Amino acid sequence: MATMYNKKSIEDIQVSGKKVLVRCDFNVPLDGEVITDPKRIVEALPTIKYLKEHGAKVILTSHMGRPKGEFNLKYSLAPVAAKLSELLGCEVTLAKDVIGEDAKSKAAALKEGEILLLENVRFHKEEEKNDPAFSKALADMAEIYVNDAFGTAHRAHSSTAGVADYLPAVCGYLIQKEIKIMGDALNNPKRPFVAILGGAKVSDKIGVINNLLDKVDTIIIGGGMAYTFIKATGGKIGISICENDKLDLAKELLAKAEAKGVKFLLPVDNRAATAYSNDAPSLTCDSNNIPDTHEGLDIGAKSVELFKEAIKGAATVVWNGPMGVCEFSNYEYGTKEIAKAVVESGAISIVGGGDSAAAIEKLGFADRITHISTGGGASLEFLEGLVLPGIACLQDK
Ligand code: AMP
């Protein structure tokens with residue numbers, strides 16, 4: 001059974017005049033002090049604007065990178081404060097610390113509609129330990145807690161879950177959108193429901209495959225993880241990536257699919273090369289007959305046709321993981337073709353973070369996808385049916 005969430009949001013609580021601590025995911029890519037992709041900041045704006053417009057005193061908190069529990073200005077949120085000020089058209093003040101004197105006095109002095117950003121919450125090692133005293137110190141600065149960081153919702157840290165022990169806790173618009181769209185797809189999907197899974201390893205996605213087998217009509221497996229399944233069915237996979245300790249499990253998943261009447265599609269042909277490299281000599285071959293000297297690096301044209309046929313008729317598509325080594329230009333074909341098929345299907349489409357989302361964005365298709373999740377790991381855990389601590393801790397409606 002998928003986890004059902006029906007959580008209170010910022011619209012279900014009186015925020016006017018209140019100090020509201022908002023956990024965002026401002027973990028943006030930086031080149032020096034320049035933000036190279038502000039997407040995560042942009043995604044957080046609707047919640048921040050709502051709170052500002054409704055007269056809240058807004059205290060933002062986020063992590064950035066891995067400062068390993070120490071104050072290190074290399075990981076300062078200063079570039080984020082500047083970007084937020086620019087995007088919101090008002091000053092966003094950066095505190096010099098997280099729970100120190102500067103943060104506390106600036107939070108206490110906030111007026112309605114003003115916005116304060118605390119320094120990188122991972123400057124304190126207590127954050128990732130979900131230390132109760134640290135959670136309480138964060139909570140003491142505010143009267144309401146809002147979690148809007150879907151990307152870290154699968155982590156039980158102080159700022160993503162612990163603070164909810166001390167404050168009324170609700171979700172922001174971003175988390176609300178993520179759990180509504182993915183929850184509807186899992187619990188009440190428009191059918192046919194097709195899941196497409198790829199990426200390097202079966203072991204990373206066993207739980208997801210297992211959970212989705214109870215819900216979908218068709219499951220498509222591509223990428224490196226397909227070879228473990230192909231070997232399990234007696235195919236010759238050459239030197240393709242394979243998890244030999246997962247062959248029995250692959251067989252069990254195939255048997256479960258059969259028992260449930262779920263169509264389980266594996267690649268039928270591949271582009272394979274003599275080495276894991278863009279330029280090594282390569283050929284096209286059947287997926288169950290890859291030469292001993294070659295490893296599969298992408299799906300072939302016949303597989304693309306087979307997968308497209310299934311995707312074409314779908315009403316709901318969930319996709320996580322590339323069909324091949326899409327970082328290599330010679331092996332991005334399968335991933336790109338599947339991205340095209342997903343947008344052309346007209347289905348409700350949900351794409352997990354990471355390489356599949358990047359492929360969609362590279363093709364300029366992002367606005368034709370119903371929902372690109374802002375959390376790679378969190379969306380996988382959601383699809384796996386696991387409880388996400390950063391959401392479970394929020395008040396039920
Ligand atoms: P994941 O993070 O599990 O979604 O895996 C993404 C990674 O899987 C990408 O870096 C791809 O290069 C890799 N990958 C996809 N197909 C293959 C393959 N056939 N052989 C090796 N690695 C692959």
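Summary table below
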| quantity | calculated |
| --- | --- |
| Residue in the stretch 54-63 that is open to solvent by 70 Å² or more (accessible area, probe 1.4 Å) and among the hydrophobic types (A, V, I, L, M, F, W, C) present | no |
| Residue list for the stretch 48-68, filter: touching a residue at least 60 places away in the same chain (Cβ under 8 Å) and over 12 Å from LEU21 (Cβ atoms) | ILE48, TYR50, LYS52, GLU53, HIS63 |
| Selection count, the stretch 259-277, where residues are open to solvent by 20 Å² or more (accessible area, probe 1.4 Å) and touching a helix residue (DSSP H, G or I) at 6+ places or on another chain (Cβ under 8 Å) | 7 |
| Only one of THR36, THR61 that is at pLDDT 95 or above, β-branched (Val, Ile, Thr) and in the same structural domain as ALA142 (by TED's automatic domain parsing) | THR61 |
| Positions within the stretch 96-130 being open to solvent by less than 70 Å² (accessible area, probe 1.4 Å) and in contact with a His (Cβ under 8 Å, 6 or more places away or on another chain), in sequence order | VAL98, ILE99, ASN120, VAL121, ARG122, GLU127, ASN130 |
| Selection count, the stretch 188-200, where residues are more than 9 Å from the ligand (Cβ to nearest atom) and open to solvent by 50 Å² or more (accessible area, probe 1.4 Å) | 4 |
| Of residues in the stretch 225-237 being within 11 Å of the ligand (Cβ to nearest atom) and outside any helix (DSSP H, G or I), the one farthest from the chain's Cα centre (by Cα) | ILE237 |
| Odd one out for GLY385, checked against (1) away from the ligand (no atom under 14 Å from the Cβ); (2) surrounded by 21 or more Cβ atoms within 10 Å (Cβ to Cβ) | (2) |
| Candidate set from the stretch 309-335 (those that are under 21 Å from the mean Cα position of the chain (by Cα) and among the β-branched types (Val, Ile, Thr)); member that is nearest to the ligand (Cβ to nearest atom) | VAL325 |
| Residue identified as at pLDDT 95 or above and touching a helix residue (DSSP H, G or I) at 6+ places or on another chain (Cβ under 8 Å) among SER356, SER303, SER379, SER373 | SER303 |
| Criterion (within 11 Å of the ligand (Cβ to nearest atom) and touching a residue at least 12 places away in the same chain (Cβ under 8 Å)) met by exactly one of LEU297, LEU306 | LEU297 |
| Some residue of the stretch 201-224 being within 15 Å of the ligand (Cβ to nearest atom), open to solvent by 10 Å² or more (accessible area, probe 1.4 Å), in contact with a helix residue (DSSP H, G or I) (Cβ under 9 Å, 6 or more places away or on another chain) and outside any loop (DSSP other than H, G, I, E, B) | yes |
| Answer from LEU30, LEU45 - the residue that is surrounded by 15 or more Cβ atoms within 10 Å (Cβ to Cβ), assigned by TED's automatic domain parsing to the domain that holds ILE115 and modelled with pLDDT under 95 | LEU30 |
| Condition check for ILE338: more than 10 Å from the ligand (Cβ to nearest atom) and in contact (Cβ under 8 Å) with a residue 12 or more places away in the chain | yes |
| Criterion violated by LYS19 - all others in (1) surrounded by fewer than 15 Cβ atoms within 10 Å (Cβ to Cβ); (2) touching a helix residue (DSSP H, G or I) at 6+ places or on another chain (Cβ under 7 Å); (3) charged (D, E, K, R) satisfied | (1) |
| Test: residue in the stretch 159-168 that is open to solvent by 10 Å² or more (accessible area, probe 1.4 Å), of a type outside the set (Asp, Glu), more than 18 Å from the chain's Cα centre (by Cα) and closer than 24 Å to GLU309 by Cα | no |
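Table: residues versus (1) away from the ligand (no atom under 14 Å from the Cβ); (2) open to solvent by 60 Å² or more (accessible area, probe 1.4 Å).
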| residue | (1), (2) |
| --- | --- |
| CYS242 | no, no |
| ALA257 | yes, no |
| ASP279 | yes, yes |
| ASP286 | yes, yes |
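The values are calculated or read from the model by the stated rules, or taken from the named source; none is laboratory data. Here the structure is a predicted model, which is why all the values come from computation and not from measurement. Neighbour counts run over all protein chains shown; Cβ positions are idealised from the backbone, glycine included. Note: accessible area is taken over every heavy atom of the protein model, side chains too, but ligands, DNA and RNA are not part of it. Shrake-Rupley method; radii C 1.70, N 1.55, O 1.52, S 1.80 Å.
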